[in-house]
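Take a look at the structure below.
The values are calculated or read from the model by the stated rules, or taken from the named source; none is laboratory data. Just so you know, these numbers come straight off a predicted model, no measurement behind them. Please note: Cβ atoms are built from the backbone with ideal geometry, for glycine as well, and neighbour counts cover all protein chains shown. What goes into the accessible areas is simple: the full protein's heavy atoms, side chains included, and nothing from ligands, DNA or RNA. Shrake-Rupley method; radii C 1.70, N 1.55, O 1.52, S 1.80 Å.
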Amino acid sequence: MMITLDAPIPDFQAQATSGLRVQSSALVGQQYLLYFYPKDSTPGCTTEAQDFRDRFAQFQQANTLIFGVSRDTLRSHENFRRKQELPFELISDANEHLCQLFDVLKMKKLYGREYLGIERSSFLIDQHGVLRYQWRNLKVKGHADQVLEAAQALQSQ
């Protein structure tokens, strides 16, 4: 089962940094963002994380939690989070459950070699657990501002 816009997302559980177990049903009453990124400590992923970090207080004012998601290990996530001083949690999706649910695994090419990787994507879920906004195959520059604008608009509804 995959997610669709303006429909409730299926319940999921995932392990995150700080020993947190994220369960979507426990997030009812709170907006949240799941942003999927390819790999910790790479240039684009670092810039994206910093952009969300720098707007964190504004996301809090919009009653919106932020979760970064990649297939990296929790240990890698903890190091990345500490190094970049990220105030939000990172979810380890090593089993690719969330990646498959949100359909973000795509064939990519690097130096002529094909591999299955995460397509940079973000999903904004409202306080009722309904997917309200999605951005797929996005560019990092300006993305955090787009998401913040959407979160603020959703909060005021």
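Descriptive notes on the structure:
- Pairs linking a residue in the stretch 69-84 that is among the acidic types (Asp, Glu) to a residue that is open to solvent by less than 20 Å² (accessible area, probe 1.4 Å) and in a helix (DSSP H, G or I), with Cβ atoms under 8 Å and 6 or more positions apart or on different chains, are Asp72/Phe80; Glu78/Thr17.
Residue-wise test of (1) in a strand (DSSP E or B); (2) closer than 20 Å to Gln23 by Cβ; (3) in contact (Cβ under 8 Å) with a residue 24 or more places away in the chain.
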| residue | (1), (2), (3) |
| --- | --- |
| Phe67 | yes, yes, yes |
| Pro87 | no, no, yes |
| Ala94 | no, yes, no |
| Gly117 | yes, no, yes |
| Gln127 | no, yes, yes |
| Gln134 | yes, no, yes |
| Ala144 | no, no, yes |
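- The numbered conditions (1) crowded, with 19+ Cβ neighbours inside 10 Å; (2) over 21 Å from Asp11 (Cβ atoms) are all true for Ser121 except (2).
- Answer residue from the stretch 85-97, given it is out of contact with any strand residue (DSSP E or B) (no Cβ under 6 Å at 6 or more places or on another chain) and under 18 Å from Leu34 (Cβ atoms) and is most open to solvent (accessible area, probe 1.4 Å) among those: Asn95
- Qualifying residues in the stretch 1-60 (those that are among the hydrophobic types (A, V, I, L, M, F, W, C) and open to solvent by 50 Å² or more (accessible area, probe 1.4 Å)) - the one modelled with the highest pLDDT: Ala57
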